[in-house]
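First the structure, in the form of structure tokens, and then the observations on it.
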Amino acid sequence: MNSLGGDWAADPTQPFLPGGKAQSWSPRVGAEEWIWGENVARGVNLGGWLVTEPFIVPSLYEKYVNNSQNITVLDEWTLSLAMGLDLASEMGHHYETFITEQDFAEIAAAGLNWVRIPIGFWAIEAINDEPFLVGTSWTYFLKAIQWARKYGIRIYLDLHALPGSQNGWNHSGKSGSVNLNGVMGIANAQRTLTYLRILVEFISQDQYRDVVPVLGIVNEILWGTIGETSVQSFYYAAYDTIRQSTGIGSGAGPYIAIHEGFQGPAIWEGFLSGADRLALDQHPYLAFMGDTSSVDAVATKPCEWAIATNRSSKAFGITLGGEFSTAINDCGLWLNGIGPGSSNPECPMWDDWASYNASTIASLKQVTLATMDALQNFFFWTWKIGNSTVLGTSSSPLWHYKLGLQQGWVPLDPRDAVGHCESVLNSSEIFDGSYPVTATGGAGAGTVLPAQTSSHVFPPSSLAPSFTGTQMTLLPTYTPTGTVKTLFAPSFTSAPLASVGTGWNNTADTSSAYVPVAGCSYPDSWDAVNTSLPTTPCTG
């Protein structure tokens with residue numbers, strides 16, 4: 001049921017025809033162009049689906065927290081080990097049931113027109129002892145493309161988990177150390193560049209490009225650990241790799257989203273100035289800011305982000321709010337990872353969402369409206385939180401968009417947020433929709449200033465924690481001599497002759513994949529921060 005003027009459109013015998021219209025005000029997928037500055041992305045994340053997180057899918061983890069192998073289950077890596085021979089069936093059942101076509105229909109009916117879908121690199125491959133289930137998540141991402149097309153929703157594809165981990169948090173695949181720095185930092189980054197190229201070649205094909213117009217190269221990179229030099233070097237290498245594959249200018253491949261590293265948008269002004277369709281993604285969370293004020297006091301704070309967002313839109317380009325929630329604290333089962341949770345004595349009250357009174361719900365709705373308005377092009381984290389088998393219900397209610405819709409702290413029409421911060425602040429630096437011309441693929445796009453290209457070379461001149469000079473030449477690296485994999489396309493029983501593409505959009509893109517050097521021994525790419533630096537380069 002869609003009361004907002006939306007419709008669905010699908011012909012099983014012709015699966016790539018134009019699709020649905022999420023709402024009367026959202027452009028029809030495949031038939032009407034999405035214009036940044038005119039159209040507003042109002043979206044949700046499909047967190048916990050293709051990259052699992054304990055707090056989002058607690059029942060999946062609860063089944064294996066106490067296991068006969070005595071494996072300490074903390075993340076998808078250890079969950080996969082605990083599942084053992086049941087990995088394919090257990091994870092496949094999760095993919096099949098946690099997000100379905102009905103969710104896409106309901107997302108459109110909720111006034112939303114985008115989804116951000118986190119995916120792990122194991123959608124493509126896993127190497128060495130990486131225990132993840134390979135490839136199956138891609139099968140379900142292909143389903144997501146068709147469901148999104150049918151209901152008029154666009155997809156921001158987010159590479160959420162990188163080889164070695166970009167932040168050491170459980171949603172990077174494995175919690176623990178960060179390995180985009182340290183001894184295996186360069187090799188892990190090189191491997192990621194190959195995966196980004198494989199993803200972008202697939203989604204740039206005519207059959208999929210209208211549904212997947214944005215690719216995020218990394219989720220929540222840990223700037224403070226990896227360092228400015230290395231982060232910006234990797235970002236430029238990823239941008240250059242992608243644009244070498246897609247070409248330059250409007251329509252040539254997706255927008256490329258970079259995460260701001262929790263540094264705020266301002267410091268990114270001028271970064272890769274002139275880059276073609278480079279977007280900035282920020283993830284401001286009230287929940288982790290340590291503010292113990294009342295809900296009503298906290299509810300005005302997101303509006304402070306509005307001015308920074310507007311300025312970034314004018315100076316940098318498309319500025320997205322890729323993640324946020326209504327949560328004002330870090331309460332919730334396993335929100336901070338499996339193990340001891342928040343010590344906030346009020347957490348039992350916040351978890352008991354069924355007991356919220358009308359006043360509390362009204363105050364929480366002010367938080368939601370303020371954040372939506374401040375971030376403008378936003379993606380709530382996350383669409384749904386699964387039930388805990390122990391609690392008998394869901395925890396972390398203020399991260400649960402679908403529950404918020406039902407209970408009232410999320411608006412039934414997200415357009416209700418428009419103008420909210422202007423009324424709170426009594427003034428507003430309103431963004432007029434005019435992005436820098438290169439930011440939307442216009443004249444001069446791709447002409448990055450020489451000072452920028454020369455200062456962000458890859459590999460970087462230094463690497464955390466302390467590698468510089470000749471030490472950089474001793475770091476293990478991969479070699480671009482391998483065979484590039486291509487991602488498989490969907491099959492349609494009702495349209496067996498449909499042209500689904502080869503998985504590779506640009507036949508002129510013939511560069512090889514980064515692979516280990518034959519004959520060289522590499523340290524553990526997931527635990528190499530404190531490994532001794534080799535004394536001589538390995539040439540294999």
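The values are calculated or read from the model by the stated rules, or taken from the named source; none is laboratory data. The model shown is predicted, which means the values in this text are computed figures rather than measured ones. Ideal geometry is used to build each Cβ from the backbone, glycine not excepted, and the neighbour counts take in all protein chains shown. SASA here: full protein model, heavy atoms, side chains in, ligands and nucleic acids out. Shrake-Rupley method; radii C 1.70, N 1.55, O 1.52, S 1.80 Å.
Among the listed residues G227, G251, G270, G274, which satisfies the condition of being touching a strand residue (DSSP E or B) at 6+ places or on another chain (Cβ under 8 Å) and small (G, A, S)?
After ruling out the rest, the residue left standing is G227.
For region 441-453, how many residues meet the condition of being surrounded by fewer than 20 Cβ atoms within 10 Å (Cβ to Cβ) and within 21 Å of L320 (Cβ to Cβ)?
Matching residues across region 441-453 total 3.
When region 493-510 is examined, which residues are found to be over 18 Å from I203 (Cβ atoms) and under 29 Å from the mean Cα position of the chain (by Cα)?
The one that is over 18 Å from I203 (Cβ atoms) and under 29 Å from the mean Cα position of the chain (by Cα): T510.
Going through region 323-349 one residue at a time, which ones are among the charged types (D, E, K, R) and under 17 Å from A297 (Cβ atoms)?
Scanning region 323-349 gives a single hit, E346.
Any idea which residue in region 414-440 is most open to solvent (accessible area, probe 1.4 Å), counting only those that are in a helix (DSSP H, G or I) and either touching a strand residue (DSSP E or B) at 6+ places or on another chain (Cβ under 7 Å) or closer than 13 Å to S250 by Cβ (or both)?
V437
Restricting attention to region 284-294, does a residue exist that is touching a Leu at 6+ places or on another chain (Cβ under 6 Å) and either farther than 21 Å from S172 by Cβ or open to solvent by less than 40 Å² (accessible area, probe 1.4 Å) (or both)?
Within region 284-294, not a single residue is touching a Leu at 6+ places or on another chain (Cβ under 6 Å) and either farther than 21 Å from S172 by Cβ or open to solvent by less than 40 Å² (accessible area, probe 1.4 Å) (or both).
Scan A297, A308, A362, A354 and give me the residue that is free of Cβ contacts under 8 Å to residues at least 60 places away in the same chain, under 24 Å from A439 (Cβ atoms) and not in a loop (DSSP other than H, G, I, E, B).
A308
Going through L17, L81, L4, L50 one at a time, which residue ends up being under 17 Å from F132 (Cβ atoms) and over 21 Å from the mean Cα position of the chain (by Cα)?
Unique residue meeting the criteria: L81.
A quick yes/no check of all residues on (1) crowded, with 24+ Cβ neighbours inside 10 Å; (2) in contact with a Cys (Cβ under 8 Å, 6 or more places away or on another chain); (3) assigned to a helix (DSSP H, G or I):
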{"position": "V134", "(1), (2), (3)": "no, no, no"}
{"position": "W138", "(1), (2), (3)": "no, no, yes"}
{"position": "K143", "(1), (2), (3)": "no, no, yes"}
{"position": "W147", "(1), (2), (3)": "yes, no, yes"}
{"position": "I155", "(1), (2), (3)": "yes, no, no"}
{"position": "S165", "(1), (2), (3)": "yes, no, no"}
{"position": "S175", "(1), (2), (3)": "no, no, no"}
{"position": "N179", "(1), (2), (3)": "yes, no, no"}
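Can you give me the number of residues within region 99-129 that are open to solvent by less than 20 Å² (accessible area, probe 1.4 Å) and not small (G, A, S)?
Number satisfying all stated conditions: 14.
To keep it simple, each residue is scored yes or no on (1) over 24 Å from the mean Cα position of the chain (by Cα); (2) surrounded by 24 or more Cβ atoms within 10 Å (Cβ to Cβ); (3) within 30 Å of I256 (Cβ to Cβ); (4) of a type in the set (A, V, I, L, M).
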residue	(1), (2), (3), (4)
L333	no, no, no, yes
M372	no, yes, yes, yes
N387	no, no, no, no
L391	yes, no, no, yes
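Can you pull out the residues in region 460-510 that are part of a loop (DSSP other than H, G, I, E, B), under 17 Å from P534 (Cβ atoms) and modelled with pLDDT of 95 or more?
If the condition is that a residue be part of a loop (DSSP other than H, G, I, E, B), under 17 Å from P534 (Cβ atoms) and modelled with pLDDT of 95 or more, then L475, P476, T477, Y478 are the ones that fit.
Determine if region 76-83 includes at least one residue that is closer than 27 Å to I153 by Cβ and surrounded by 18 or more Cβ atoms within 10 Å (Cβ to Cβ).
Among the residues of region 76-83, at least one is closer than 27 Å to I153 by Cβ and surrounded by 18 or more Cβ atoms within 10 Å (Cβ to Cβ), which makes the answer yes.
Would you pick out the residues in region 250-262 that are surrounded by fewer than 18 Cβ atoms within 10 Å (Cβ to Cβ) and of a type outside the set (S, T, Y)?
G251, F262
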